[in-house]
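This report refers to the structure that appears directly beneath it.
The values are calculated or read from the model by the stated rules, or taken from the named source; none is laboratory data. Computed from a predicted model, the values in this text were never measured in an experiment. Methodologically, a virtual Cβ is constructed for each residue, glycine included, from the backbone with ideal geometry; neighbour enumeration extends over all protein chains shown.
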Amino acid sequence: MFALNTKLKRRTLPGFRLSLGYTILYLSLIVLIPLSMLFIKASTLSFAQFWDIVSAPRTMAAYRLSFGTALISASINAVFGFLVAWVLARYSFPGKRIIDALVDFPFALPTAVAGIALTSIYSPNGWVGQYLAQIGIKAAYTPLGIVIALTFIGLPFVVRTIEPVLQDLDPEIEEAAACLGANRWLTFSKVIFPILLPSLLTGFTLSFARAVGEYGSVIFIAGNMPGKTEIAPLLIITKLEQYDYQGAAAIAVVMLLVSLLILIATNFLQWISAKRIGMS
Amino acid sequence: MVGGLPSFKIRPIAQQSRSSHLRTESGVIKWILIGVALLYLGIFLILPLACIFTTAFSKGIVAYTQAITEPDALAAIRLTLLTALIAVPLNVIFGIAASWAIAKFDFIGKNFLLTLIDLPLSVSPVISGLIFVLLFGAQGTFGPWLIEHGIKIIFAPPAIILATIFVTFPLVARELIPIMKAQGNDEEEAAITLGASGFKTFMLVTLPNIKWGLLYGVILCNARAMGEFGAVSVVSGHIRGLTNTLPLHIEILYNEYHFSAAFAAASLLALLAIVTLIAKSIIESGMHREIEATQITSGEKR
Amino acid sequence: MSIEVKNLTKIFGNFKAIDNINLKVETGELVALLGPSGSGKTTLLRIIAGLETADEGNILFSGEDARERKTKDRNVGFVFQHYALFRHMTVFDNIAFGLRVKPKKIRPSEDHIGRRVRELLKLVQLEWVEKRYPWQLSGGQRQRIALARALAVEPKVLLLDEPFGSLDAQVRKELRQWLRRFHDDLHITSLFVTHDQEEALEVADKIVVMNSGKIEQIGTPEEVYHKPASVFVLNFLGNVNLFHSRTEAATISSKAAKLYVRPHQLGVSRLPVDGNSVKVVLTFINPAGSSVKMDAKSSDGNVFQVEISQEEYKALKLIKNDEVFLTPKNITYSEYEI
């Protein structure tokens, strides 16, 4: 599977076999073999058993919740992440460097810490939760709380995929559009946006994929009511605690496959839109 | 597959946005956009950060110190440090080997290999823990054999370390591969024609050139290793003083309504995250200087 | 040390980068590998250095098979197109590198290394940059430091990949002459790759013209310019005009022939000189430069490039759209249809 490419073979530098060999060995031991256990375990079930587990009302509710909230939060991040990337790449304002560094905060902050912080902010007597409660909105322990946590977690992805593209954008493209008589809005919608669309899609998918599997930040704010606010990862843990390894594996396999499918589909979409503007 | 993680922004110099009236919005729109962006970031980033530290110190500095020095907290800190101390070096060695093979050589199946390396980033942390339970748990593949020989992996530090290695697996490699690729093979080839051995070439030429990326990879990997929650939660068994890492310790305190103590422990991890971001910022500017130098060094007509 | 290339072939995928090449470079020669990009010249140079491996054939260094030696033990000085200076090291450390990585037993003392580095810096006339970093040097200076670094290990062979490729036109000219004088002083067997015919003609003792992985011609600059072995060489080494004509030679009588004539070998006159004279109209005249360059068009649509001396131009009082006759003075190359 991994042979030196005869077309571009460069054997001058030493260490190819050693480094590739070690890479594949370590990859197999840490990632591939353990991950394949999931499929091996799930395959010990008959199809009917498998179907019963993954189509049970409680499981379906958990899937709906996990994928649905992930979709909403990724969409929020696509809109606002785009805006943040634009502001950071284009404008200068006081404190910009700190803000720029802070965008990665959700990635560096342990999820459990984010979870408890968001929960206490949005709980009915928290900093924000008390005002929301006054107007009759319950954030913590509802799907809304889950969306808030997932939005926090996915925030860096859209910003960080769009920002570099925006920075490398040739100024002459916009200047040309302006010279040809396009106003700012036309320049943006017809010239800049199509160029950024592939990276926006990537950022959206990454944010979505991360959100679907998220556990730590959600678990505190979710409420964890079976059928209502129980996310799929939590259901896996519940099954494990009941020593139902096969059930846990079955639910996990579906989650993994759906995430992979979405990643592949988006890669494909991205490839098409990149090809259309000649950037592939 | 996963391209949007925070990593270095390698971009050409002299791209610092040329300011031209053709490229800027009117003042009002500009400030509205900045305002909305800052409000969004304020709600989602500043507010949680402020909440962590205010709650941590809500019962005073004495309670704070007590919370982070009680025996269970210290045991959790020790286990967290131990986990990072094993997971990070292993992933560094892997990262160096993988980036050398991938960036310096062309071979068939390279993109596939890259996708496989990124795989742990698109797997739910809970699933990352689950797979090790399926392997080593009481009813797992090797469970009976392990019980027979009295070896404990699940609900013990080994599984915590394994799950952490899995979760942080690609982080160092991902930082190094683009940097090594961008630097090409010329300097290594020059060293070899000058008579340097492969090992000396790596130590004297490659390593100094990737030091910033490596440093950032280590810091990021470390932050994630110390903060991992989902995967570790599945395999740990939550035995206080024995198999609790700092994030798990926080969970227990929180669920027992010891809010200020939970936030005190959380503030340590939040501090680690802030230090990581500051380090990233510093490293990035060091990196930028180096890239500028590289671009000048590698000739005008590259 | 002499270099001998024997039946060398290198294939990348299904592209033959080098196709059964034979070549001998004598000790002390300065040889240019000249060809368009993709002709295989850089690949050949890299195989000689041991930076690539050949699929077939071998390289002999002074008669000894080079495949026996690893890249690092070949004792070859290689100067990279983009210099490949170690960016994190000072100029001094760059030049000293080759000496410092020698095995302990044969490694010279730091004192000795210091003396050698300064000697080399003096040789390339850059004594004052010792403590600078590569990015603080100009392109031409980097080129010379790269050369000094390659020379530090006293190589038996010096290989240069497009040594002036990334320099400004002015610096390029200066360094060319400098390299020529430099080689005359050191007499180290040298091989350099270039795509610039002017550069090859000016610097090299011998030129190897390459095209699509094959050698088209090996010869002195004079030979390849005046007696090209193929149409490719003829075209590559300068502008050329094509005449379709009936040959006058009795032996090959009345066979269609293609005659190739260089622009400066065309005579310009107001009246036909002989049966080969062609009537043309001058469509463009550029008198700027040491000679006068003109474009001319014949009635059947052929376009010719002509180059005459300033004196001749003044004597003929040529202006645009003049009708004149072109007569080949010397035929550089001819092809017969058999």
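General remarks:
- Subset of region B:82-96 that is in contact (Cβ under 8 Å) with a residue 40 or more places away in the chain and over 16 Å from A:Val31 (Cβ atoms) - its residue that is surrounded by the most Cβ atoms within 10 Å (Cβ to Cβ): B:Val88
- Which listed residue, of C:Asp196, C:Asp168, is acidic (Asp, Glu), modelled with pLDDT under 85 and under 20 Å from C:Phe80 (Cα atoms): C:Asp168
- Filter result (aliphatic (A, V, I, L, M) and either at pLDDT 90 or above or crowded, with 22+ Cβ neighbours inside 10 Å (or both)) within region B:97-114: B:Ala97, B:Ala98, B:Ala101, B:Ile102, B:Ala103, B:Leu113
- Counting only strands (runs of 3 or more DSSP E) wholly contained in region C:1-100, the ones carrying 2 or more residues that are free of Cβ contacts under 8 Å to residues at least 60 places away in the same chain and of a type in the set (Val, Ile, Thr) occupy C:3-12.
- Residues of region C:82-111 that are more than 7 Å from chain B (Cβ to nearest Cβ), closer than 27 Å to C:Leu167 by Cα and surrounded by fewer than 21 Cβ atoms within 10 Å (Cβ to Cβ): C:Met89, C:Thr90, C:Phe92, C:Asp93.
- When each of B:Gly198, B:Gly241, B:Gly213 is tested for being touching an Asp or Glu at 6+ places or on another chain (Cβ under 7 Å) and under 30 Å from C:Asn94 (Cα atoms), the lone residue that passes is B:Gly213.
- Looking at B:Glu189, B:Glu148, just one residue is acidic (Asp, Glu) and buried (at least 21 other Cβ atoms within 10 Å of the Cβ), and that residue is B:Glu189.
- Helices (runs of 4 or more DSSP H) contained in region B:175-229 and holding at least 1 residues out of contact with any Cys (no Cβ under 7 Å at 6 or more places or on another chain), of a type in the set (A, V, I, L, M) and closer than 30 Å to A:Val218 by Cα: B:207-227
- Helices (runs of 4 or more DSSP H) contained entirely in region A:15-92, each with at least 2 residues that are of a type in the set (D, E, K, R): A:57-90
- Every pair of residues 6+ apart whose Cβ atoms lie under 6 Å, when the first sits in region B:48-72 and is at pLDDT 90 or above while the second is outside any helix (DSSP H, G or I) and not polar (S, T, N, Q): B:Tyr64/B:Phe57; B:Asp72/B:Arg240; B:Asp72/B:Gly241
- Residue within region A:75-85 that is touching a residue at least 12 places away in the same chain (Cβ under 8 Å), closer than 19 Å to A:Ser259 by Cα and crowded, with 22+ Cβ neighbours inside 10 Å present: yes
- Hits in region A:93-124 (condition: within 8 Å of another protein chain (Cβ to nearest Cβ) and outside any helix (DSSP H, G or I)): A:Phe93, A:Val103, A:Asp104, A:Leu109, A:Pro110
- Only one of C:Thr27, C:Thr42 that is among the hydroxyl-bearing types (Ser, Thr, Tyr) and buried (at least 17 other Cβ atoms within 10 Å of the Cβ): C:Thr42
- Some residue of region A:221-228 being under 17 Å from the mean Cα position of the chain (by Cα) and under 25 Å from A:Ile148 (Cβ atoms): no
- Residues satisfying the stated conditions in region A:38-64, i.e. within 14 Å of another protein chain (Cβ to nearest Cβ) and either within 21 Å of A:Tyr215 (Cα to Cα) or surrounded by fewer than 20 Cβ atoms within 10 Å (Cβ to Cβ) (or both): A:Leu38, A:Phe39, A:Ile40, A:Ser43, A:Thr44, A:Leu45, A:Ala62, A:Tyr63
Conditions (1) among the polar types (S, T, N, Q); (2) more than 23 Å from C:Phe97 (Cβ to Cβ), marked per residue:
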{"position": "C:Ala150", "(1), (2)": "no, no"}
{"position": "C:Glu154", "(1), (2)": "no, no"}
{"position": "C:Leu158", "(1), (2)": "no, no"}
{"position": "C:Glu162", "(1), (2)": "no, no"}
{"position": "C:Ser166", "(1), (2)": "yes, no"}
{"position": "C:Gln170", "(1), (2)": "yes, yes"}
{"position": "C:Leu175", "(1), (2)": "no, no"}
{"position": "C:His187", "(1), (2)": "no, yes"}
{"position": "C:Gln197", "(1), (2)": "yes, yes"}
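- Qualifying residue in region A:201-217 (condition: in a helix (DSSP H, G or I), touching a residue at least 12 places away in the same chain (Cβ under 8 Å), farther than 22 Å from A:Phe152 by Cα and within 7 Å of chain B (Cβ to nearest Cβ)): no
- Condition met for B:Gly241 (at pLDDT below 95, touching a helix residue (DSSP H, G or I) at 6+ places or on another chain (Cβ under 8 Å) and within 7 Å of chain A (Cβ to nearest Cβ)): no
- Qualifying residue in region C:185-204 (condition: of a type outside the set (A, V, I, L, M, F, W, C), under 30 Å from C:Arg115 (Cβ atoms), free of Cβ contacts under 8 Å to residues at least 40 places away in the same chain and out of contact with any helix residue (DSSP H, G or I) (no Cβ under 6 Å at 6 or more places or on another chain)): yes
- Taken together, B:Ala225, B:Ala182, B:Ala163, B:Ala196 contain a single residue that is surrounded by fewer than 24 Cβ atoms within 10 Å (Cβ to Cβ) and under 25 Å from the mean Cα position of the chain (by Cα), which is B:Ala182.
- Yes/no for B:Gly137 being facing chain A (nearest Cβ under 8 Å) and crowded, with 19+ Cβ neighbours inside 10 Å: yes
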